[in-house]
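Comments concern the structure below.
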């Protein structure tokens with residue numbers, strides 16, 4: 001494990017299993033959290049998204065949920081090294097069983113889920129990596145159901161995933177009373193096909209999907225100004 005400084009005095013503890021990349025920065029920027037929000041990050045891993053939310057105008061509170069004890073311990077280590085008081089509550093629990101959290105009261109739920117379905121792709125020999133990369137500890141339907149239970153009426157659910165899972169995610173949202181409202185595709189370059197999508201749904205919302213302009217991460221060999229502003233770390237995670 002190693003520590004990395006996200007901004008002066010704010011640290012994240014990363015490991016080979018519980019690490020992070022550009023997608024965490026992009027989702028944090030996309031979700032548009034507010035200072036008054038009560039938030040839950042599902043499958044938080046090392047807690048990168050709750051920690052990134054502490055860089056600027058932190059939300060009122062963030063529940064950081066993960067089923068893996070090692071992930072929650074990494075988040076705790078990062079919080080301890082950061083010192084001060086961070087409005088983050090690490091919770092080691094199965095997202096399918098979150099009765100300890102306030103039901104129907106949260107403003108925002110975020111999730112950077114496993115990108116591969118349970119039976120898709122080659123499984124790692126490491127059980128922790130299996131959970132992080134495949135829908136072993138809950139599929140997209142379970143994630144959307146958990147978000148729906150936690151959100152208040154018109155609360156927002158934001159997640160990122162691979163484009164081939166877009167139909168699955170939208171169907172799962174609607175099946176759990178969350179209407180897809182805002183979609184943005186992310187391309188590594190203007191010439192390449194999307195490698196990621198960012199999607200916001202609203203609990204109890206009416207059907208209407210806004211498709212935002214694509215986000216290009218790099219152009220002409222350099223990170224685009226928009227991507228750099230969101231990530232705030234130059235080329236480090238690209």
Which of 224, 110, 22 has the fewest other C-beta atoms within 10 Å, and how do the rest follow up to the most? 224, 22, 110
Proxy reagent accessibility, fewest Cβ within 10 Å first, across 18, 232: 232, 18
Could you list 171, 158 in order of exposure, starting from the residue whose Cβ has the fewest other Cβ atoms within 10 Å? 171, 158
Just the number, please: percent antiparallel of the DSSP beta bridges in the chain, rounded to the nearest 5. 50
Quick check: residue separation of residue 7 and residue 191 times 0.36 nm, minus the Cα distance between them. What number comes out in nm? 63.0 nm
Counting only backbone N atoms under 17 Å from a point 7 Å out along Cα-to-Cβ of residue 226, the residues of the range 164-202 in range are 182-200
Sites residue 70 and residue 35, calculated FRET efficiency, Cβ-Cβ separation with R0 25 Å, nearest 0.05: 0.20
Modelled label-to-label distance, residue 166 and residue 212, 7 Å Cα→beta-carbon offset: nm? 1.5
From Cα pairs below 8 angstrom and at least 6 apart in sequence, can you work out the relative contact order of the range 2-178, rounded to a whole percent? 22
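Quick note: the coordinates plus some simple rules give every number you see, no bench work behind them. If you're wondering where the values come from, they're calculated on a predicted model, not measured in any experiment. Cβ coordinates were reconstructed from backbone atoms using ideal geometry, including for glycine residues, and neighbour counts include every protein chain displayed.
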